[in-house]
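Data block below; observations after.
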Amino acid sequence: MEGAQQRGPDLRLSLWAKLDTLRTTQSKGDFMTQTKIAVIGGSGIYDINGLEGAEWLTVESPWGPPSDAILTGTLDGVEMAFLPRHGRGHRLLPSEVPYRANIHGLKQLGVTHVLAVSAVGIMKEHISPGEMVVPDQLFDRTKDVRPSTFFGDGIVGHVSMADPFCDELRQVVAKSARDSDPL
C-alpha cells in the first residue's frame, strides 16, 4: 500500500493532469481504443461537482441494473463516468451492491480504467483520517454473501487475483497524491 496525505482540488488537478499518460490511444487487437476513466463513489459520494455536460444514463446488464444510473461528462477536459456504489441516498448495503452489473454498465459506456473511492475504517494506527491509501491488494469481507465471478452457468473462465489492481493506474494515483500540495 502507498499512502499520501492529500485532499481536495490540488490532488484532483494533479491526478487529472497525470491521467494524460493513460489517455493515449491504445491498441487492442485489431482496433484502437481511447482511455476513459470512471470513478465509483463510496459512502457519501453520490455525484461529482463541476462535471461539464453531465448526464445520468440508465444501462442494463446481464446481471440486472447497476447500483444507480451512471453520470457521464467531462471534468477538467477528461471524459469520465461516475457511479455511486451504494446508489444515491446510500440505499444498498455492501453485500447488496451489484458489482457485476456495475462493472458491465461502465464497460458498456467505454470505460477502460476505474478508480474506486472508499471510506473504510482505518486498520493501521499510523494512517490518520484524511490520508489517502492506494492499495495493491484487497481483503473482501463480502465475498461469501455475493457472487464473486462473471463466469458460471456454462461459461468457464480462470482469472488470477494475485494482482487485483492495475499497477499503471495505481502508480499514477500515488504519484499525483505525492506531488500535490496538502490543503
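The values are calculated or read from the model by the stated rules, or taken from the named source; none is laboratory data. All of these numbers come straight from a predicted model, not from anything done at the bench. Glycine gets a Cβ as well: all are built from the backbone with ideal geometry, and neighbour counts include every protein chain shown. SASA here: full protein model, heavy atoms, side chains in, ligands and nucleic acids out. Shrake-Rupley method; radii C 1.70, N 1.55, O 1.52, S 1.80 Å.
Some notes on this structure:
- The single condition from (1) farther than 25 Å from GLN171 by Cα; (2) modelled with pLDDT under 90; (3) among the aliphatic types (A, V, I, L, M); (4) open to solvent by less than 60 Å² (accessible area, probe 1.4 Å) that ILE37 fails is (1).
For every residue, the table says whether it meets (1) in a helix (DSSP H, G or I); (2) surrounded by fewer than 17 Cβ atoms within 10 Å (Cβ to Cβ).
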| site | (1), (2) |
| --- | --- |
| MET80 | no, no |
| LEU83 | no, no |
| SER95 | yes, yes |
| LYS143 | no, yes |
| ALA162 | no, yes |
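- Considering the range 43-78, and only residues there that are open to solvent by less than 60 Å² (accessible area, probe 1.4 Å) and in contact with a His (Cβ under 7 Å, 6 or more places away or on another chain), the residue that is nearest to ASP140 (Cα to Cα) turns out to be SER67.
- The set of residues in the range 80-119 being closer than 23 Å to SER180 by Cα and either over 10 Å from the mean Cα position of the chain (by Cα) or among the basic types (Lys, Arg) (or both) consists of MET80, ALA119.
- Checked against the criterion of being among the β-branched types (Val, Ile, Thr), in contact with a Ser or Thr (Cβ under 7 Å, 6 or more places away or on another chain) and either modelled with pLDDT of 75 or more or more than 26 Å from PRO62 (Cβ to Cβ) (or both), the candidates VAL133, VAL156, VAL120, VAL172 yield just one match: VAL172.
- Within the range 122-136, the set of residues being open to solvent by 60 Å² or more (accessible area, probe 1.4 Å) and either free of Cβ contacts under 8 Å to residues at least 60 places away in the same chain or outside any loop (DSSP other than H, G, I, E, B) (or both) comprises ILE122, MET123, LYS124, GLU125, HIS126, PRO129.
- Annotation note: Cβ proximity below 6 Å between a residue of the range 141-169 that is more than 16 Å from TYR99 (Cα to Cα) and a residue that is not in a loop (DSSP other than H, G, I, E, B) (sequence gap 6+ or interchain) occurs for LEU169/HIS113.
- Of ASP47, ASP30, all but one fail to be within 23 Å of PRO98 (Cβ to Cβ) and at pLDDT below 80; the exception is ASP47.
- Some residue of the range 103-117 being within 15 Å of GLY42 (Cβ to Cβ), open to solvent by 80 Å² or more (accessible area, probe 1.4 Å), in a loop (DSSP other than H, G, I, E, B) and out of contact with any Ser or Thr (no Cβ under 7 Å at 6 or more places or on another chain): no
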